[in-house]
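> Dropping a structure here in structure tokens format, bear with me for questions.
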Amino acid sequence: MHNSSPTDPSAPSNARGAGLGNPAEGHAHAKAILFGEHAVVYGAPALAVPLHGLGAQADIRLTPGRETRIDSQLFSGTAQAAPPQMGPVVAGLCAALEATGDETAEVQVGIRSAIPHSRGLGSSAAVATAIARAVADLRGKVLDRDALHAVVARAESVAHGRPSGIDAWAVASQVPIRFQSGRAAAIDVGRRLIFVVADSGLQGSTAEAVAGVRELRAAQPKIVETAISHLAELTEHAVDDVRSGDRATLGSRMLDAHKLLRSIGVSSPALDALVEAALGAGAHGAKLTGGGLGGCVLALADSDEQAERLALALRTAGAPRTWTTEVSTT
Ligand code: MEV
């Protein structure tokens, strides 16, 4: 696990000023929301952790006189010909070029990401962050936190409509963050936390999930307002649990959060089954993470050995893949 100052959750890449023809690089990692997804859209706090093992990388070089080109797993070709699902990448690239001085530069961008998309793990924000860092590296500049997040926000608004902004902060932070209304602060970690992330194998559209909650709020405001205020309370208590290292209490709050998210319609039978499987295998707690509908479940283990048992139980229960990650003490 990488370390960065707890007072600066953003960790910009080192600018090295790659010149003509030399590729410059940028990286970012996936994130998991531990508490507060959906509630955060309505101004409640949320808590997110970095998933260091899962990353996105961008490399970029100047190609004057040629058309700007993007090479990725999803699409390879000129930016002009990019299909709509590449919209966030193109928007992020334009915003990064603009923020570093010259939006008309012709470049070739390569993108490699191990983060599955539409799984609530911040794939689009991580790719945009990697691109923004690569562009800054190319120009020999360091984007400060706010400049980086302004670039990633442009990509995220194309990807998700009107996101809360938590993904953009979480994928750029080396440490857990508490996020609320556009502001992120690092959280100290009192005791090592080991999480197993299980993919349900089903895509979940964040925009669709957020729209569903908005509709339910319009139709049945009491249900959604109650859930939001309980999720906000859970998040605030969970921040204290992370600081004090109280895994058992943190785990039981995760289960409470999952039930509240289910009550506002963003869980699914597959996610509920994975939560049950994790609890059956002795997890302290488990919940869906991110937008829901499809996507992933996050389970809190007590030890590395137990994490292995949890991963096996989750795969046996139908998860096509799992990742184990730790959040180190600060
Ligand atoms: C997405 O990772 C989390 C949501 O709360 C949406 C958002 O915050 O923009 C579901």
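> If you check every pair at least six apart or on different chains, which have Cβ atoms under 9 Å apart with a residue in the range 160-185 that is within 16 Å of ALA128 (Cα to Cα) and aromatic (Phe, Trp, Tyr) first and a residue that is more than 8 Å from the ligand (Cβ to nearest atom) and assigned to a loop (DSSP other than H, G, I, E, B) second?
TRP169/PRO9; TRP169/GLY182
> For the subset of the range 136-149 comprising residues that are surrounded by 21 or more Cβ atoms within 10 Å (Cβ to Cβ) and assigned to a helix (DSSP H, G or I), which member is farthest from the ligand (Cβ to nearest atom)?
The qualifying residue farthest from the ligand (Cβ to nearest atom) is LEU138.
> Restricting attention to the range 22-72, which residues are within 13 Å of the chain's Cα centre (by Cα) and aromatic (Phe, Trp, Tyr)?
Answer for the range 22-72, where residues must be within 13 Å of the chain's Cα centre (by Cα) and aromatic (Phe, Trp, Tyr): just PHE35.
> Name the single residue, out of those in the range 117-135 being farther than 24 Å from PRO64 by Cβ and among the β-branched types (Val, Ile, Thr), that is surrounded by the fewest Cβ atoms within 10 Å (Cβ to Cβ).
VAL127
> Which residues, counting only those in the range 87-129, are in a helix (DSSP H, G or I) and either among the acidic types (Asp, Glu) or within 13 Å of the chain's Cα centre (by Cα) (or both)? First the steps, then the outcome.
Taking the range 87-129 and keeping what is in a helix (DSSP H, G or I), we get 87-99, 123-129.
Across the range 87-129, the qualifying residues are GLU98, SER123, SER124, ALA125, ALA126, VAL127, ALA128, THR129.
> On to the next question. On the basis of being within 16 Å of the ligand (Cβ to nearest atom) and out of contact with any Leu (no Cβ under 8 Å at 6 or more places or on another chain), does PRO84 make the cut?
Values: within 16 Å of the ligand (Cβ to nearest atom): no; out of contact with any Leu (no Cβ under 8 Å at 6 or more places or on another chain): yes.
So PRO84 fails the test.
> Inspect the range 170-181 for any residue being closer than 24 Å to SER118 by Cα, assigned to a helix (DSSP H, G or I) and away from the ligand (no atom under 13 Å from the Cβ) and give the result as yes or no.
At the first step, the residues of the range 170-181 found to be closer than 24 Å to SER118 by Cα are 170-181.
Remaining after also requiring assigned to a helix (DSSP H, G or I): 170.
Still in the running and away from the ligand (no atom under 13 Å from the Cβ): none.
No, that holds for no residue.
> So which pairs qualify, if the first residue must be in the range 305-321 and crowded, with 18+ Cβ neighbours inside 10 Å, the second must be hydroxyl-bearing (Ser, Thr, Tyr) and in a loop (DSSP other than H, G, I, E, B), the Cβ gap must be under 9 Å, and the two must be at least 6 apart or on different chains?
ALA319/SER200
> Which is of a type outside the set (Phe, Trp, Tyr), at pLDDT 95 or above and surrounded by fewer than 17 Cβ atoms within 10 Å (Cβ to Cβ), of ALA81, ALA39, ALA48, ALA58?
ALA81
> Also, quick follow-up: Just wondering, is there one or more residues in the range 150-164 that are within 14 Å of the ligand (Cβ to nearest atom), in contact with a strand residue (DSSP E or B) (Cβ under 6 Å, 6 or more places away or on another chain) and outside any helix (DSSP H, G or I)?
Applying the first criterion (within 14 Å of the ligand (Cβ to nearest atom)) to the range 150-164 yields 152-153, 155-164.
With in contact with a strand residue (DSSP E or B) (Cβ under 6 Å, 6 or more places away or on another chain) added as a condition, the list becomes none.
There is no residue in the range 150-164 that is within 14 Å of the ligand (Cβ to nearest atom), in contact with a strand residue (DSSP E or B) (Cβ under 6 Å, 6 or more places away or on another chain) and outside any helix (DSSP H, G or I).
> From the residues in the range 261-280 that are surrounded by fewer than 22 Cβ atoms within 10 Å (Cβ to Cβ) and within 19 Å of ARG309 (Cα to Cα), which one is farthest from the ligand (Cβ to nearest atom)?
GLY280
> Within the range 237-260, is even one residue among the β-branched types (Val, Ile, Thr) and within 15 Å of the ligand (Cβ to nearest atom)?
no
The values are calculated or read from the model by the stated rules, or taken from the named source; none is laboratory data. These figures come from a predicted structure and were not determined experimentally. Backbone-built Cβ (ideal geometry, glycine too); neighbour counts: all protein chains shown.
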